[in-house]
Amino acid sequence: MKIFKQISDIFSWLQSTGILAALVALIIVVVKQVQPYLKIHIKNKQLNQVTDFALTTVTKFATLAGLSKSDRKKAADKDVADFAAQLGLTWVTPEIVDSIVEAAYQQFKKLGYDNHQPQTLPEPTETAENSATPQTSASSAAPVAQSSAPKPEGVGHSASQAPQTIQSVANSGSDQNA
């Protein structure tokens, strides 16, 4: 009983001097200032999780020879969207998923793991000299494909700019939901 009386006396003293009101006001201000930072920090962590999963998914589907490029993209988009739904990320829209998968693919290409060069079929020929020509053109097509690979990256967004684009897309989506 004596402890309860001491706590009550301290509470009364804090209330009568105005310290209690000042502490409550300070706590409210700190919470209001820290809350946006925490939301952004949490969203960035979630975005990093989705981006890492997208790179893993792109790597997985890039090795499947039985799928066309558009089928690979659709499958990767679906996997990333399902992953985001499992995490309960309601701010992840199909447009954001599409941009994350595209950025992951550009990162995949930048790392040099993309081994899908255009396939060239040898032209039907009757002589042995002509059959050697398509092989040389096929081998010369590989450097051309490698030299033209950076162009799509330069046209859109480079891999270093892609995460910034994803961040801005994700932030614009969160402003609508907040």
Reach of K110 by Cα under 24 Å, taken over lysines that are not fewer than 8 positions away in the same chain:
K45, K60, K69, K73, K74, K78, K151
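Hey, with R₀ at 41 Å, roughly what FRET efficiency would S16 and K39 work out to, going by the Cβ-Cβ distance, to 0.05?
With a Förster radius of 41 Å, E is 0.65.
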Would you please give the FRET efficiency between I28 and D52, computed as 1/(1 + (r/R0)^6) with r the Cβ-Cβ distance and R0 = 45 Å, to the nearest 0.05?
0.80
Run through every distinct alpha carbon pair of region 31-73 and return the Kirkwood hydrodynamic radius in angstroms, one decimal place.
12.6 Å
Which net charge results for the neighbourhood of V97, defined as the other residues with beta-carbon distances under 12 angstrom from its beta-carbon, given Lys and Arg at +1 and Asp and Glu at -1?
-3
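Every read-out reported here was derived from the displayed coordinates using simple, explicitly stated rules and does not represent laboratory data. Note that the coordinates shown come from a computational prediction; the quantities given were computed from them, not determined experimentally. Don't worry about glycine lacking a Cβ; one is built from the backbone with ideal geometry, like all the others, and counts go over all protein chains shown.
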